[in-house]
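The values are calculated or read from the model by the stated rules, or taken from the named source; none is laboratory data. Please read all numbers here as calculations on a predicted model, not as lab measurements. Here the Cβ is made from the backbone with ideal geometry for all residues, glycine too, and neighbour counts use every protein chain on show. Protein only, heavy atoms only, side chains kept; ligands, DNA and RNA dropped before computing areas. Shrake-Rupley method; radii C 1.70, N 1.55, O 1.52, S 1.80 Å.
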Amino acid sequence: MDEQELLEAVTSLVRPGGRELVCGRSGHLAGHVCLVVSGTINLSTLLKEFSRRYGQLRNLVMGGYVDPTVTERTGLPLLAPFAGELVEMRGWASGSRWIGCGVVRAGDGEQLVVLVAERAAPSPDAPPEGAFWVDSLLRVTKNWDARDAAQPWAEIEEEVGAELPADCCMWVQRVIELTGWEPLGISVDWAAIEGELGVPLPADYKELYEAFGGGVFSDSVYFLGRDEGISFDFLTQWRVALSVDQDSRLGSVSAVDPYAIYAPGGKGVVAWGSTEWADEYCWLIDAERPGDYPVLARSHDGGPWHWYDMSTSEFLYRVLADADFQPFGIAQYDLGATFKPGSGGPFDGRPL
């Protein structure tokens with residue numbers, strides 16, 4: 001079954017009064033349908049096509065992390081068939097159905113899946129029905145990356161519409177609620193800041209900046225925003241880092257090797273956070289790809305950089321609240337979820 005046939009088959013299952021959902025595969029229980037998918041179809045293609053057909057998507061699982069707030073009303077039926085096997089899952093609401101596609105672990109590899117599940121009907125009198133799922137039956141190959149690593153998630157989600165900003169706003173709000181913080185509503189001349197950088201900054205980072213300024217989460221996670229001094233001031237920290245990185249007297253190897261500190265018009269690393277024990281949180285910015293800001297993070301022991309295709313606010317929330325978000329999650333240490341703004345003094349902070 002090629003891409004168009006798959007999309008038409010899924011659409012037919014979503015239409016009211018669609019055919020009875022019976023699976024013909026041996027060993028599969030009733031209540032779901034399995035469709036064979038061509039090995040040429042990839043996840044990014046399905047994300048784009050389903051978003052065009054069904055509108056705004058929901059991020060249910062990213063990088064093996066299941067959104068802890070997912071409920072029956074927000075997409076949980078898409079997760080139930082796969083237990084702890086989920087790597088990625090995106091979902092769409094369409095009438096009385098959920099449509100989902102993502103990646104699950106299978107043997108030594110990963111398998112692309114397409115899922116359609118019952119959704120509570122708009123009428124409160126309509127009884128809920130059981131879930132069914134459609135899998136791709138793709139051949140599992142060791143080391144095959146079903147997540148299409150060649151195309152970053154940020155690029156995919158930028159292409160499919162306005163979901164990313166809405167999703168990011170949700171994570172910003174979670175950080176605010178987690179810390180019990182009253183947003184400051186800082187007025188910022190973003191045109192001047194982004195003009196100096198030569199690229200726009202992530203929308204959710206700007207919301208965090210305006211809400212918190214610069215300071216310390218949980219007495220240990222340093223966030224760069226606005227600071228009257230230099231310790232937690234984002235722009236000042238970037239200027240200093242770039243100056244040091246470009247100083248030939250300090251050697252030819254960058255402190256962020258194998259990358260370099262971002263310079264206007266180029267490609268490189270920009271720090272937005274760190275920790276008391278010297279973990280580093282950055283973006284990898286490419287002036288030729290504005291809007292694509294994967295998070296790069298590395299631990300204090302000088303280990304490799306970890307790449308996260310997620311928003312700044314989601315990464316920060318997971319660091320603070322998810323004990324299983326390793327190696328960077330701090331919730332396991334019971335430090336509390338707090339925020340203290342920068343003091344404005346030049347020597348009180350730790351980032352420099």
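Applying the criterion of being of a type in the set (Ser, Thr, Tyr) and not in a helix (DSSP H, G or I) to the residues of the range 175-219, the residue that is farthest from PRO294 (Cα to Cα) is SER187.
The number of residues in the range 339-352 being modelled with pLDDT of 90 or more and surrounded by 16 or more Cβ atoms within 10 Å (Cβ to Cβ) comes to 2. For the range 220-244, the set of residues classified as within 19 Å of VAL256 (Cβ to Cβ) and outside any strand (DSSP E or B) consists of LEU224, PHE234, LEU235, THR236, GLN237, TRP238, ARG239, VAL240, ALA241, LEU242, SER243, VAL244, listed by residue number. Within the range 73-115, the set of residues being among the aromatic types (Phe, Trp, Tyr) and modelled with pLDDT of 80 or more comprises just one member, TRP98. Out of all the residues in the range 292-312, which are surrounded by 19 or more Cβ atoms within 10 Å (Cβ to Cβ), among the small types (Gly, Ala, Ser) and more than 9 Å from the chain's Cα centre (by Cα)? Passing the criteria: only ALA297. Within the range 324-339, residues that are closer than 20 Å to LEU224 by Cβ and aliphatic (A, V, I, L, M) have Cβ atoms under 8 Å from residues that are open to solvent by 50 Å² or more (accessible area, probe 1.4 Å) and outside any helix (DSSP H, G or I) in these pairs: LEU335/ASP219; ALA337/GLY180, counting only partners at least 6 apart in sequence or on another chain. The residues of the range 69-96 that are open to solvent by less than 30 Å² (accessible area, probe 1.4 Å) and farther than 21 Å from ASP322 by Cβ, listed by number, are PRO77, TRP92, SER94. Given the condition touching a Cys at 6+ places or on another chain (Cβ under 9 Å), at pLDDT 75 or above and of a type outside the set (Asp, Glu), answer yes or no: does some residue in the range 57-64 qualify? No, that holds for no residue.
Counting the residues of the range 257-283 that are open to solvent by 10 Å² or more (accessible area, probe 1.4 Å) and at negative phi gives 14. For beta carbons closer than 7 Å, sequence separation of 6+ or different chains, a first residue in the range 272-300 that is in a strand (DSSP E or B) and a second that is hydrophobic (A, V, I, L, M, F, W, C) and exposed (fewer than 15 other Cβ atoms within 10 Å of the Cβ), the qualifying pairs are LEU296/TRP307.
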